[in-house]
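Colleague: Below you will find the structure I want to go over with you.
Taken together, the values in this text are just the output of simple stated rules run on the coordinates, not laboratory data. Keep in mind it's a predicted model, so treat the numbers as computed, not measured. Cβ atoms come from the backbone with ideal geometry, glycine included; neighbour counts cover every protein chain shown.
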Amino acid sequence: MYLDLWQLLAGLVHWLMVDIIGPIFGWLSFHGIEGWLTRPETLYFITVILVVLIVFVVGMLVSITLIWQERKMLGRFMDRRGTQTGPIGLFQNFADALKTLQKEIIVPANADKLIYNAAPVIIIGTSLFLMATIPYSEGFYASDSDLSLILTFAIFSIVPFGVLLGGWASNNKYTLIGGMRAAAQLISYEIPMLLSVVSVVILAGSLSLNDIVWYQQAHIWLFIPLIIGFIVFLIAMVAEVERIPFDLPEAEAELVEGWGTEYGGLRFGLIMMSEYARGFIGSALATLLFLGGWDGPFKGIVPDGLWFLAKVFIVFGIFIWMRAALPRVRTDQILAIGWKKLLPLAVVNIFIAILFKTAGWF
Amino acid sequence: MAKMWINMGPQHPMTHGLWNLRVEVDGETITDAEPVIGYLHRGWEKMVEDRHYPQIIPMADRLCYGSSFTWSHVYCLAAEDLMGVEVPERAKYIRVMSDELQRIGSHLMWLAAIGPDLGNLTIFLYAMRERELFMDLFQSLCGARMTYNFPRIGGVRNDAPPNWERDLVRTLDYFEKRMDEYEDLVDRNSVFRMRMVDLAPLSAKDAINLGVTGPSLRGSGVKYDVRHNDPYEIYDELDWHMCVRDEGDVYARYRVRMDEMRMSVQIVRECLKKMPKSGPIRVKPPRTAPVGTGMARMEDPRGESLMYIIGDGTDKPFRLKVRSPFFVTLSASPVMLRSYKVADVPSIMGMLDVCMGETDR
Amino acid sequence: MEETVTYTIDQVKSKIASAFPTEVKFEDKVRPRRLFMSANKDALLKLCTMLKDELGFDHCSCVSGVDRCDRFQSVYHICSCSSNITLEIVVDLPHDNPEVDSVTPLWGGANWHEREAFDMFGIIYKGHPRLERLLLPADYTFFPMRKDCETGRK
Amino acid sequence: MDLSAYPHAVAMSAKEFVDWSTNVMDDIARSSGAKRTLDKVAGPLFNWGMRNAIYPLHFGIACCALEMAAASGPRFDTERYGMVFRSSPRQCDVLLVNGWVTNKLRPALRRLYEEMPDPKWVVAMGECAISGGPWYDSYNVVQGVDTFIPVDIYIPGCPPRPEAMIDGFLRLHQKIKVSKLGGFMDD
């Protein structure tokens, strides 16, 4: 059972335009407008806008819920109650957002103003752009490109560029070190992550996220044969979304708030938001690539999207658990882990995938 | 990147107090370091020259707020040495027990502080949770959570309230279970060990020459504990041993402090057994001190604390000098920091147990 | 650690007395594990070198400055970890020219104590690697712990 | 022809145009009552957001810093009220002065205050920050933090208990509520 967003909205728009608004203009004798409104291109355009809007809103809601999940789960891990604003603390994020809207916007006097202002745009823009490529269920997606996997990872790796720019432009030593760390860390973890994804592509034989999920529905959830790849992917993803134990760019202990030290007010709020959006994308990718996406039991009763979201929350819960249990690793150690441990493991994983493929087991 | 100086402080999450660590970094590697202190200097030693002897006790509490009892205790010891006052037996036991409880509380504060230093907030909250229990004990004993104003020259202010010993035993039982939890969380965690083992080793010779005392010194393998080498109160009658590790690295300092917490629990239990059940808890000290000097040393949670009083026959001290353990330990920090990474600064400094109130005085 | 030689208080006392018959005066105050003495300021460095190298006093616990109105004093508390003895050495310095040899080259732990005594009293430790203001802001012109320095709201 | 009635007819720079259009929109919103209505509707909402997301600066000075830490511990848990301690002053709303301020610290503290974005508040916690406390006759302690930065809430005690600190912050909530901050009729 799934909701076909495109079909539904196309039908809705068609009904709205052709049967209600169009005739009203027709009755008012604005036949030109009626004709323009009921053209298929117009209908498609409106549908696209609506779909993107809905996918964006759902993605943001999920990201906000992830923040809430993190606060509550972390609170429980730490033997306290966590946030209490609103029913079970659900409104805390809205309060934070409303507050950041009202804060003064400060640009440091010695900052490079253009880049200082552009860096958050790069970070937030690319993070939100990623939501377009993630399918929630068979019919609930904004775009279904044949190359959506490549597109996703390509956009995913723009952020370190923005972090480096922002860290440099803030004209602060902490942000500079944070930005450098971000660049070093994210570049070195890109490789094991992509290699572990390659094994999925080898088995599934497609670069489309939808196809990969269909493959898993038809055969087996890929984390079972590719358990090494799954672990490598999860660890590299933690580093990519800059969470403890790999949150060196914003290491709070030594670099006050890391590369974002000089960003306050609304920019700070949006950067926080985009971090969790990236966390959502990271868990969603793990779900889609390894955990069978929206596949799950009771397909007739439970909507597909719910399975997908449940898995996303579980994967993010693992991230939170890691945060509660582990300290931060050091710069040299994180690079050592990336190059000396994860990279060989990812290569081994590719060999396993090739073995399975040639043996024809999956 | 070229070499640059970074100011870590006065406002910095690493400081746990108020000081400024200037580090010169080459990329991520520290090439030089220089602590800048004095942000909390309020002229304590000058001010106490204008206070009567009993009035100094609450001031001594505020020397180091992490372990206020030990500081008012060492002041009382020094004043008793100056005035020649002998403390009743039961008061000695109460003082020693409070000392050890304060040591646990202070070490818990340290444990709480190193959690965020290493990037893990959970330890902070766990340690704060147990610290509250010890604060409750102090609260029922002295009426305050942090600054107790409890010891007096010649004894302690009041006797333990009824049922205090029962609560104490319960708390200690509970706490020992929790200690296992911390060790599960830290010692058995490979990432924690990765951050701590072989970090900033300090040889025994260097450590003792630089004046490092307390757990940091014992972590370097030097058997030196004022409670053992220069016993005060009743420590020579108790059955306990020094906690020493030979490695000298950050992990050894961590282990020594964790072992000391267990040892403190053992000492308190023994005190409870040996303590006289009743008896006087205070003798009346003279109002004015004789002309002369008094000196007392004791083992603060951070190291060796020393107070040196000069009396001039009036009711105010002529001079009161405080030897603060962290003051000296901090002066040794550049030696430990050099050639390590910026990311190691919080773990190395946090492991020394920062308390700036006593350092700046 | 290498082999440790322990001394009793009497041994320490006789050794010091034989090496410094006139420069060091012992006080008759008796406390367990303590030895009180006053030394001539010119003999201080030699005394300390002997203490460290021959008698195993490896820990300089504290260096305090004292303003006795007519003279300054620099008080050293030096401990031996092996013999468990604490020495208290009082060195008198003239009020108009408070200068004394630094013991920082011997014990690194004395570094900041001497800097603090300079900061508070203006006692100058010759041979100190870096004698600057430590606790007070660098632009202060007075030495607050001197008795003639009136501070605060009286 | 009176050009002032038709300002759009005059050649304007972009900035002038933006200013002019802003003023016109503002006038319309004000005279039509839209602004008042928005204030009535959205003002309390923004005010609520402001109250419930107060980020104090993670800045421990002295004794009270330990009580601040205890207040964020499991027993008192200030995160229940949306208080999260942030380390960068750029991201904070409240400067919690929890200890005595010495002459050496004063410029740094003043600078921290300046670095924080508006709206911001200062909470003086403990006797030392309020009036110098036990160090009343010190040569190096500033006698009260309100001598150089404006203080909104005083929390007495030496040191105040964590409950007292939380109470102080709840009073700050009240202060924000009464101040009607978050409305658009700010002029």
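Colleague: How crowded by other chains is D:56-69, given as the mean number of beta carbons from other chains within 10 Å of each beta carbon? All intermediate terms of the calculation are to be shown ahead of the outcome.
Modeller: On the way: counts 0, 1, 7, 6, 8, 8, 9, 9, 2, 7, 13, 4, 0, 9.
Averaged over the peptide's residues, the number is 6.
Colleague: If every alpha-carbon in the stretch A:99-359 counts as one equal scatterer, what log10 I(q)/I(0) does Debye give at q = 0.08, 0.14, 0.15 1/Å?
Modeller: For the stretch A:99-359, the Cα-only Debye profile gives -0.33, -0.95, -1.06.
Colleague: Would you mind pulling out the separation of the Cα centroids of the stretch B:207-266 and the stretch B:118-140, in Å?
Modeller: 22
Colleague: Scan chain C and hand back the longest stretch that contains none of the chymotrypsin sites (Phe, Trp or Tyr not before Pro) lying in DSSP loops with at most 15 other Cβ atoms within 10 Å. The partial results should precede the final answer.
Modeller: Details: sites that count: C:Tyr140, C:Phe142.
The segment C:1-139 is the longest one with no such site.
Colleague: Another question, then. Can you compute the modelled spin-label distance between D:Asp26 and A:Phe356, with each label point 7 Å from Cα toward Cβ, in nm?
Modeller: 6.4
Colleague: Also, I was wondering about something else. Specify the residue with the greatest mean-square fluctuation among B:Arg253, B:Arg152, B:Arg42, computed from a Gaussian network of chain B linking alpha-carbon atoms under 10 Å apart.
Modeller: Largest GNM mean-square fluctuation: B:Arg42.
Colleague: From the square roots a ≥ b ≥ c of the eigenvalues of the alpha-carbon gyration tensor of the stretch D:91-187, which class results: rounded (a/c under 1.5), prolate (a/b over b/c), or oblate? Numbers along the way, then the final one.
Modeller: On the way: a/c = 2.60, a/b = 1.50, b/c = 1.74.
Here the stretch D:91-187 falls in the oblate category.
Colleague: Using DSSP loop states and a limit of at most 15 other Cβ atoms within 10 Å to flag chymotrypsin sites (Phe, Trp or Tyr not before Pro), what is the longest stretch of chain D containing no flagged site? Can you show the working numbers first?
Modeller: Details: sites that count: D:Tyr136, D:Phe148.
Within chain D, the longest run free of exposed chymotrypsin sites (Phe, Trp or Tyr not before Pro) spans D:1-135.
Colleague: In nanometres, what is the gap between the two model label sites at C:Thr22 and C:Asp42, each 7 Å from Cα along Cα-to-Cβ?
Modeller: Distance between the two pseudo-spin positions: 0.9 nm.
Colleague: For helix B:164-186, what angle does its Cα long axis make with the longest principal axis of chain B, in degrees from 0 to 90 and rounded to 10?
Modeller: Tilt relative to chain B: about 10 degrees.
Colleague: Which far-off residues, 5 or more places away or on another chain, put their amide H under 5 Å from the one on C:Arg34, with H placed in the peptide plane?
Modeller: Amide H neighbours of C:Arg34, under 5 Å, 5+ apart: C:Thr86.
Colleague: Oh, and also: In which sequence would C:Glu99, D:Glu79 go, from the one with the fewest C-beta neighbours within 10 Å to the one with the most?
Modeller: Values: C:Glu99 12, D:Glu79 22.
The most exposed by this proxy come first: C:Glu99, D:Glu79.
Colleague: What does DSSP give for the stretch C:37-154 in terms of the percent of beta bridges that are antiparallel, rounded to the nearest 5? Can you show the working numbers first?
Modeller: Numbers: 18 of 24 bridges.
That works out to approximately 75 percent antiparallel.
Colleague: DSSP loop GluC sites (Glu not before Pro) in the stretch B:77-116 with at most 13 other Cβ atoms within 10 Å of their Cβ, which ones? It would help to have the intermediate numbers written out before the result.
Modeller: On the way: sites: B:Glu80, B:Glu86, B:Glu89, B:Glu100; in loops: B:Glu86.
Loop-located and lightly packed - B:Glu86.
Colleague: Please report how far the C-alpha centroid of the stretch C:51-109 lies from that of the stretch D:23-63, rounded to the nearest whole angstrom.
Modeller: What the calculation gives is 63 Å, centre to centre.
Colleague: Let me ask something else about it. Tell me, what is the FRET efficiency for A:Val121 and A:Leu16 to the nearest 0.05, using R0 = 41 angstrom and their Cβ-Cβ distance as r? All intermediate terms of the calculation are to be shown ahead of the outcome.
Modeller: Working: r = 34 Å, r/R0 = 0.83.
According to the calculation, E is roughly 0.75.
Colleague: Please report the spacing between the Cα centers of the stretch D:120-151 and the stretch A:268-303 in Å, no decimals.
Modeller: The distance from the Cα centre of the stretch D:120-151 to that of the stretch A:268-303 comes to 50 Å.
Colleague: Another question about this same structure. Counting only other chains, what is the mean number of Cβ atoms within 10 angstrom of the Cβ of each residue in peptide C:72-79? Please list the in-between numbers first.
Modeller: Values: counts 0, 2, 0, 6, 0, 7, 0, 9.
Other-chain Cβ atoms within 10 Å of each residue's Cβ, averaged: 3.
Colleague: Which order, highest average first, do B:340-353, B:229-242, A:319-332 follow once you tally other Cβ atoms within 10 Å for each residue and take the mean per peptide?
Modeller: Details: B:340-353: 25.0, B:229-242: 16.4, A:319-332: 21.1.
So the peptides B:340-353, B:229-242, A:319-332, ranked by packing, come out B:340-353, A:319-332, B:229-242.
Colleague: On to the next question. How crowded by other chains is D:102-110, given as the mean number of beta carbons from other chains within 10 Å of each beta carbon? Write out the running numbers ahead of the final one.
Modeller: Numbers: counts 11, 8, 15, 8, 2, 2, 6, 4, 0.
Rounded to a whole number, the mean comes out at 6.
Colleague: Restricting to bridges with both residues inside the protein assembly as shown, how much of the DSSP beta-bridge set is antiparallel, in percent to the nearest 5? Show your work: numbers first, answer last.
Modeller: Details: 56 of 74 bridges.
Of those bridges, close to 75 percent are antiparallel.
Colleague: Mind checking which lysines have their Cα closer than 24 Å to the Cα of D:Lys177? Skip sequence neighbours fewer than 8 apart in that chain.
Modeller: Partners found: A:Lys99, A:Lys103, D:Lys35, D:Lys40, D:Lys120.
Colleague: Cut-off 10 angstrom, C-alpha nodes, Gaussian network model of chain B. Which of B:Gly292, B:Gly303, B:Gly17 fluctuates the most?
Modeller: B:Gly292
Colleague: I'd like the Karplus ³J(HN,Hα) series for the stretch C:76-90: coefficients 6.51, -1.76, 1.60, θ = phi - 60°, whole numbers in Hz, and an x wherever there's a Gly or Pro.
Modeller: Listing the rounded values in order: 10, 10, 10, 10, 10, 6, 8, 8, 6, 10, 10, 9, 10, 10, 9 Hz.
Colleague: Could I have the simple spin-label model distance between C:Arg130 and D:Val18, label points 7 Å from Cα toward Cβ, reported in nm to one decimal?
Modeller: Each label point is offset 7 Å from its Cα along the Cβ direction, giving 4.9 nm.
Colleague: How do the peptides A:199-205, A:305-311 rank, highest first, by the average count of neighbouring beta carbon atoms within 10 Å per residue?
Modeller: Sorting A:199-205, A:305-311 by mean packing, highest first, produces A:199-205, A:305-311.
Colleague: Follow-up. Under a point-charge model restricted to the Cβ atoms of Lys and Arg (+1) and Asp and Glu (-1), what is the dipole moment magnitude of chain B relative to its Cα centre, in debye to the nearest 20?
Modeller: On the way: 47 positive and 52 negative charges, 154 e Å.
The dipole of chain B has a size of about 740 debye.
Colleague: What FRET efficiency, computed as 1/(1 + (r/R0)^6) with R0 = 25 Å and r the Cβ-Cβ distance, is obtained for D:Leu45 and D:Arg171, rounded to the nearest 0.05?
Modeller: Numbers: r = 22 Å, r/R0 = 0.87.
For D:Leu45 and D:Arg171, the calculated efficiency is 0.70.
Colleague: Top mean-square fluctuation among A:Val163, A:Val238, A:Val302, Gaussian network model of chain A, C-alpha springs under 10 Å?
Modeller: Looking only at A:Val163, A:Val238, A:Val302, the biggest GNM fluctuation is shown by A:Val302.
Colleague: Taking a label point 7 Å from the Cα of D:Ser179 along the Cα→Cβ vector, which residues of the stretch D:101-127 have an amide N closer than 11 Å to it?
Modeller: D:118-123
Colleague: Quick one: if the Förster radius is 51 Å, what FRET efficiency do B:Glu86 and B:Asp184 give, using the C-beta to C-beta distance and rounding to 0.05?
Modeller: Details: r = 46 Å, r/R0 = 0.90.
Rounded to the nearest 0.05, the efficiency is 0.65.
Colleague: For the protein assembly as shown, what does -39500 (n - 2.57) per DSSP helix run (n ≥ 4), summed and divided by total residues, give at 222 nm, in deg cm²/dmol to the nearest 500?
Modeller: Values: 39 runs with 518 residues, N = 1064.
So the calculated ellipticity at 222 nm is -15500 deg cm²/dmol.
Colleague: For a protection proxy built on the mean count of beta-carbon atoms within 10 angstrom, sort B:214-224, A:129-139, D:65-75 highest first, please. Before the final figure, lay out the partial values.
Modeller: Working: B:214-224: 26.1, A:129-139: 22.3, D:65-75: 23.9.
Descending mean neighbour count gives B:214-224, D:65-75, A:129-139.
Colleague: In degrees between 0 and 90, to the nearest 10, how far off the longest principal axis of chain B does helix B:121-142 point, with axes built from Cα atoms?
Modeller: Roughly 10 degrees, rounded to the nearest 10.
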